[in-house]
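Notes to accompany the following structure.
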Ligand code: F6P
């Protein structure tokens, strides 16, 4: 099979370069090995009459990486607009932050349509497409509209919310109907899958039998594929990273004091404000823990052009400064707060140095930092993971100390418990988590999805009529096209 993987962000980096997107970093090693073609945004935009849509095509392991300049007239409306100011807040159950215009939706559809046209060059008799994430909910429908009958799968890396929340996104019905052009739709957890099925049944009146829904596109299989990591590779990386200058400098600076670590994109879904407040409460409720444990919080700036992200950055900077001002001393800083990205190699070493990992999102599809923290531990003296029960990872890592990220006092108490946990309990919890990580790796995730896509597509292919366009072109897109949007399609 000639697999084409599509995501907004792609990774070309190595383990030594800073990486921001969780998805891109997670996919890199498996896509590289698979021989697939990975298509995504180059991060640059172009206007007007581009003849050749791909900015760059380069070798990636046994396959290739194809990076596309997206249309400048629509990039902002697509990325900062509809994808990250309507879909992202909704998918993370933050209806209050949904804020996107009709123009943003049009741009979102335009970019999905642009990507579909660009992908046509990869359609061969044995091609299968695997589309990643919420940036491309309608890409399968656009491909079908162009007559593509090859298998198309979709995996969502974020949570899927309740139907009431999804109902707050403009054009939700049109988008979710468009998703049914996918032969296989994968979610991170059973809850996400159930929320999606509930929407299909209640809002679209569709019948679901044995995880299969039939729409005008044919059959779509709706399944759960929790994404994993490569725990062996991460363990090796973390042991090796001990001698990395950043890691040894951190260790020396601790003077025997314990360290808790948090590593997140600077995003409101990550629960950073509540986490900092929990540390504040812990040092207030248990003053003996001041100078005993400090926090290293890496918060990599993200989506800075969106107001909610700018506001969060200011709020956090002020909060950290208040907490440090209150609990700090001339020779002790309670929170080291860093707004930059680190390579996976350095992160692996930092995780191993920390006795506590704090991963406390308000909502998260999976959260691979939680898994990486566990895999990076020294088996003889492992640290403790404090994990939000609202991260997808909590389903598997159920021997972590699970917390409610809205309960600040509860989190403060749990972090204190983690700091003082005896070795035998730490080992017992860690071993149980490692067994889960080994049983559900990123390689397994990739293979399971591709196998399922092949199986489901065999079933549905014969039922599809390639001659007939399966979707009406969205009106908004049609009018833009006839008005001449300044973007040429190839
Ligand atoms: O599904 C979440 C995701 O797509 C992950 O790749 C990553 O956590 C984040 O969103 C990346 O966001 P961005 O590409 O906007 O930096």
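The values are calculated or read from the model by the stated rules, or taken from the named source; none is laboratory data. Given the structure is predicted, the values throughout are model-derived calculations rather than measurements. Cβ placement follows ideal geometry from the backbone for every residue including glycine, while neighbour counts extend to all protein chains displayed.
Here are the numbers:
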read-out	value
Conditions (1) in a loop (DSSP other than H, G, I, E, B); (2) closer than 26 Å to residue 121 by Cα; (3) touching a strand residue (DSSP E or B) at 6+ places or on another chain (Cβ under 9 Å); number of the one not met by residue 158	(2)
Options 175, 139, 143, 120: the member that is more than 16 Å from the ligand (Cβ to nearest atom), crowded, with 24+ Cβ neighbours inside 10 Å and touching a residue at least 12 places away in the same chain (Cβ under 8 Å)	143
Filter pass, residue 113 being within 15 Å of the ligand (Cβ to nearest atom) and either outside any strand (DSSP E or B) or in contact with a strand residue (DSSP E or B) (Cβ under 7 Å, 6 or more places away or on another chain) (or both)	no
Residue check for residue 198: without any contact (Cβ under 8 Å) to a residue 60 or more places away in the chain and either over 21 Å from residue 110 (Cα atoms) or surrounded by fewer than 15 Cβ atoms within 10 Å (Cβ to Cβ) (or both)	yes
Test set (1) more than 16 Å from the ligand (Cβ to nearest atom); (2) within 25 Å of the chain's Cα centre (by Cα); (3) in the same structural domain as residue 457 (by TED's automatic domain parsing) - residue 149 fails condition number	(2)
Single residue of 299, 278, 308 found to be farther than 18 Å from residue 340 by Cα, modelled with pLDDT of 95 or more and within 15 Å of the ligand (Cβ to nearest atom)	308
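Here is a yes/no grid of residues against (1) without any contact (Cβ under 8 Å) to a residue 24 or more places away in the chain; (2) surrounded by fewer than 19 Cβ atoms within 10 Å (Cβ to Cβ); (3) part of a strand (DSSP E or B):
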position	(1), (2), (3)
397	no, no, no
405	no, no, no
411	no, no, no
414	no, no, no
424	yes, yes, no
427	no, yes, no
433	no, no, no
